[in-house]
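Any read-out appearing in this document is the output of simple, stated calculations on the displayed coordinates, not a laboratory observation. These numbers come from a predicted model, not from an experiment. Note: ideal-geometry Cβ built from the backbone for every residue, glycine included; neighbour counts use all protein chains shown.
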Amino acid sequence: VVAYLGVQRAGGCVVLMNPDYHRAEAEHILHDSEPAFVIADGPRAKIVEEIGPHIVQVETLPLGASPGMPALTPESAAAILYTSGTTGRPKGALLDHGNFLAQGRGAIEVWRWTSRDVLVHALPLFHLHGLGMGLHGTLLSGGSATLVPFTPAGVVAELKRGGTMFFGVPSMYQRLCDWLDENPTDLSHVRVFVCGSAPLPPALYERCARLLGQPPVERYGITEGGIVVTNPYDGPRRPGRVGLPFPGIEVKLGELDEVLLKGGQVFSGYWRNPQATKEAFTDDGFFRTGDVGEIGEDGTLAIRGRIKELIITGGFNVYPREVELVLEAHPAVQEVAVAGVPSEKWGEEVTAFVVPSGSEPLIESELIAFAQERLASYKCPKRVVKIDTLPRNAMGKVQRSVLTSRAS
C-alpha cells in the first residue's frame, strides 16, 4: 500500500501484478509495460531479476528526504491493470486518477460508506475490487480497513472485533458459509457484505442470507472501470441480478445484448494498443464489455455470460450462465460450469462440468433430464463431466478454456 500510494503521489503510474504469476505471465506484463523499475520482495525478486528490469528490494529501501511532489490532475495516469486474459492475451487497462476518484465516490454513495466504517479487507490489491473499492474507497471515506489474508476464521474474528463491511468473491463466501455452518456466529452488527467478480449462485445467495444475517449486495465490475453496477443498499436484492448503474454510469445493451458502458470511471484505452482501444468503444463512446446482459422491467441488470463463451450448437446460440442457473438448482450439484466442447455432429457440444454436492448421487441421465424439463432441448447438456474442483483464476472466475481442453 505504501509503495503503491507513494509512486502515485510522486507522479508515477503503477503496474500491478499478481504475486502468484509464473515467469511467463510476469514476463508478458513486464515486457509490455516496460517499467522504469520494479518493487519486489525477496521471493519474487528472483523471477523479476531473471527477466531483466531494475529491481528495488522492499526490505532494503533507503530512507531519505522527500523530493518535491508534482501537481496531479484527474487526467494524470495512475495505474495499469492487466485484464484476466480469460479470453485472450492480457491487455493493460490504463486508469487515471479521475477514474479512481469516480469509483470511490460512487461506492461511498451507493453503499453508505462513512468514516465510522471498518472494512475487513481480504481481497487482493492487484485487482480493482480490492484496489479501487477496498483501498481507494477507504481513503476517500475517511474510514479504516484491516488487511488480512483470507481465511474464514480470520475474517470472522476481524468482523467480531468491529468490522462493519466485508467485500468478497463467491468462492470466499462459499468457504465462509462452510465455516459458519460449523461455527455459528452472530454477525448482525456487520453493515454490508458485497459480492462480485464471478456469478453468485442463487443457492449460495440464500445460504449467505441465512448464515450472515443478510443477503450479500451483488455487484458487477470490469477491469476497465471498476464496479459499475450494484444491487441497492436499501430495498430488495434479487439473486441472479447485479442491480442498477453506479452514479454517473450509463448502461445499455448493444448487438447480441452486449453490455455497453459510459461514465467517468471507465478508462480511456489500453496501454500501447490503439487497435484494441478502437475496437473496445462504439462510435458514440460506449465501452464494449464483451458481457451479455439482460435489463429487466425494473431497470436491473443480469449478466448471462461472455460473448466469447457463447456456445453455437447445431446452429443455435446457448449462453452458459443460463444453463448453469438451472443446473445449480439440482441437489446433487455443488458447483457447475458449462462450456462448448468441439463436436463433429453439433459443432460445439453443450457440456456441464459438475462438482458433486455429495448430498445425493450425481447421475448424468437424471441431471440432463432435469435440464430438459426447464430448458429448450438445444440448451441442455449433451454430456456431464464430474470433476473435483472448477479451475479458477485469482478472482474466482472459471477458466472455461481449461475445461474444454480437458474434455476435447
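Amide H to amide H, with H built 1.01 Å from N, T289 comes under 5 Å of V259, L261, counting only residues 5 or more places away or on other chains. Note: the chain, Cα convex hull, 163 Å³ per residue.
Secondary structure note: in the chain, about 65% of the DSSP beta bridges are antiparallel.
List the pairs from K91/K308; K46/K91; K91/K252; K252/K379 whose alpha-carbon separation is above 20 Å, in the order I gave them. Mind showing how you got there, number by number?
Values: K91/K308 16 Å; K46/K91 24 Å; K91/K252 24 Å; K252/K379 26 Å.
K46/K91; K91/K252; K252/K379, as the Cα separations exceed 20 Å there.
Taken over the alpha carbons of region 2-72 as equal point scatterers, the Debye sum produces base-10 log I(q)/I(0) values at 0.19 Å⁻¹ of -0.82. Note on the chain: GNM, Cα springs under 10 Å; of R392, R161, R288, the largest mean-square fluctuation is that of R161. Pair-distance distribution of region 32-168: all C-alpha pairs, bin width 5 Å, starting at 0; shares per bin in whole percent are 2, 8, 13, 15, 18, 19, 15, 8, 2, 0. Extents of region 313-392, largest first, come to 36, 28, 19 Å (Cα atoms, principal axes, whole angstrom). Report, in degrees rounded to the nearest 10, the 0 to 90 angle that the Cα long axis of helix 97-110 makes with the longest principal axis of the chain. For helix 97-110, the angle is close to 60 degrees. Secondary-structure-derived ellipticity at 222 nm for the chain, considering helices only, amounts to -8000 deg cm²/dmol, per-run term -39500 (n - 2.57) for DSSP H runs with n ≥ 4. Counting neighbouring beta carbons within 10 Å and listing from fewest to most, the residues W346, W111 come out as W346, W111. In order along region 315-325, the Karplus-derived 3J(HN,Hα) couplings, from 6.51 cos²θ - 1.76 cosθ + 1.60 at θ = phi - 60°, round to x, 9, 8, 10, 9, x, 5, 4, 6, 4, 4 Hz, and Gly and Pro are given as x.
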